[in-house]
Structure formats: C-alpha cells, structure tokens
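Computed from the coordinates by the stated procedures, all read-outs in this text should not be read as laboratory data. Here the structure is a predicted model, which is why all the values come from computation and not from measurement. In this analysis, Cβ positions are derived from the backbone assuming ideal geometry, glycine residues included, and neighbour counts consider all displayed protein chains.
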Amino acid sequence: MTHSWSVYVIVIVVLNVVGCAWLLYANRKAKVKPGESGEPVGHEFDGIGELNNPLPAWWTWLFVVTIIFAVIYLALYPGLGRFAGGLGWTSGGQWDDQIADAKAQYGPIYARYFERSIPDLLDEPAAIEMVGRLFAINCSTCHGSDARGGDGYPNLTDDDWLYGGAPETIVQTITHGRNGMMPPMGAAVGGEPGIKQVAQYVLSLSGRPHDEKLVRLIERSRSPPRIKDMISLRKCSGWTNSGLFSKCSSSRSWYFDIAKKNDGSSTQSTFCSWVGQVK
C-alpha cells in the first residue's frame, strides 16, 4: 500500500470512529426527569406524537462499548493503513502457524503410513477410514460418494483402467493428474462420411453391433493418403487396443453415452465427444 493510500484509509477510519462518538454525544443532550416525557418535536401521525426522549441506557452503553472495542482493535491489529498494529499480526503469519500446527499433529501419522506399502495399508482400518474422509472431501464431487462416477466422470469401482490400476500408477494419477479429454475430430477424419466410418470402427472394437462395410473401409484407409486424415485418432487410440484411448475403445465402458443408432446418422456430435474411462 502506498503512503497516500495509507493516509487516505487512516483518515476515513478515524472520521468514522469519531463520527460515531459525536453522534452518540449529540443524542444525549435530551434530559428527562424520571416519570416525565420528553418535549414534542412537532411530528404527529394518526394521533401519535414524537417526543424528544433520550436513548435507552443499555443501547447507549452498548454503543460506547463498540467504539472502545474499535479503538483497541485498531491499536493492536492492522486497520489503519500501513500501520501493522501493536501485536504484529498478519493473516499470512496465522496461516503459517496453522500449517505448522497441522504438520506437527498429522505429520507423524502420514509418515507412518508413508513408510508402508499400499497393499499393506488395505488391512489398516484407521488408514481406510482416514482416506475415505479425504476422498469424500476432495474426490466425491466428480467421482461420486460411492466412487461410481457419473456422466463424464469415470467409475473407480470396475476393472477398466486407462492408465493402469497398479497402486503406484494410481498414486501417480492422483499426484500429477491425467489429460484424457479428446478434442473434436470431425474435420480431421473427413467430415460426415469419415465420422460414420470411424464410429462404426470404434463400435467393432468392443464387439458391439456395427456396419462391416464401413469397418472394412477403415481397415483399407490405414494406407496413404487416407491415413493422413486418421493420424490424430491413431495417436490417441491406436489401431488395436494399444493407445491412449484404446482401453475405452475396445471395452464396453464409455465415458459418455454411446449412440443408440447403428446407421451412423447420429454419430457426428456423439463420436466427437466420446472419451474413454479416464482412470
């Protein structure tokens, strides 16, 4: 914060505190003896007149307490421009203290689990319970509370794994994440005719009903020049269950709903959005 802004903030804050004190003092001028009413101020409606009575004592003292609290707070904590306050408190410092306390409390627990293998931890009820809470907080939004996923999110309870289901592979996935979303490929495969052909080929990989004629066209297109149109898909999925998306293409697990029609008429928008089980 620059010096000019600091001065501006200080002036605004001080004027507000002083203004509140003045407002309270100005409204304490009216004095009424016990059992009497204040003087009329000339405002009357429906037979009810407004009297100049003093503020209730409890309200007045509550207002005084808030002003005193504000002065003490501004003297101890940041609030007056660049003045750091008598205690030297900062939000960053408090954050560091909380992180240090958390590490001191939970560090030994994590260290004990870190030294053990993941299969070994499967027999540790306390570890499973703790990880269940971590999953509910950080993972259930996408994968669901039961880990079965949803539309556009993979099911973690089946045996379909795009990157592998070994413990060390899952650790890498959680630690570094994965890029698995497929970009639109309609133009790359040759427009509507190419989309229909490739969609039928993908259906054939998992044994679903498909058009053999279109699949044979895809088989023949592996040689130039047609392969130039298919190179992007081959990089992602591979031709025979060996590429990035091969697991989803050759299995019956689909990231998004598969097209119900088999004639290719509804595959343009569907195929360009199909993605496999990204796990």
A chain fully extended from residue 166 to residue 75 at 0.36 nm per residue, minus the present Cα-Cα distance, gains in nm 27.0 nm
Sorting 113, 201 on the 10 Å Cβ count, fewest up front, what's the list? 113, 201
Want the number for residue 57 to residue 2: 0.36 nm per residue separation, take away the alpha-carbon distance, what's left? 15.5 nm
Pair residue 90, residue 21: separation of 7 Å Cα→Cβ label points (nm): 3.1 nm
Using packing as a proxy for protection, rank 50-58, 67-75 so that the peptide with the highest average count of other Cβ atoms within 10 Å comes first. 67-75, 50-58
Neighbourhood charge, 11 Å Cβ-Cβ cut-off, centred on residue 90 and excluding it, Lys, Arg +1 and Asp, Glu -1: -2
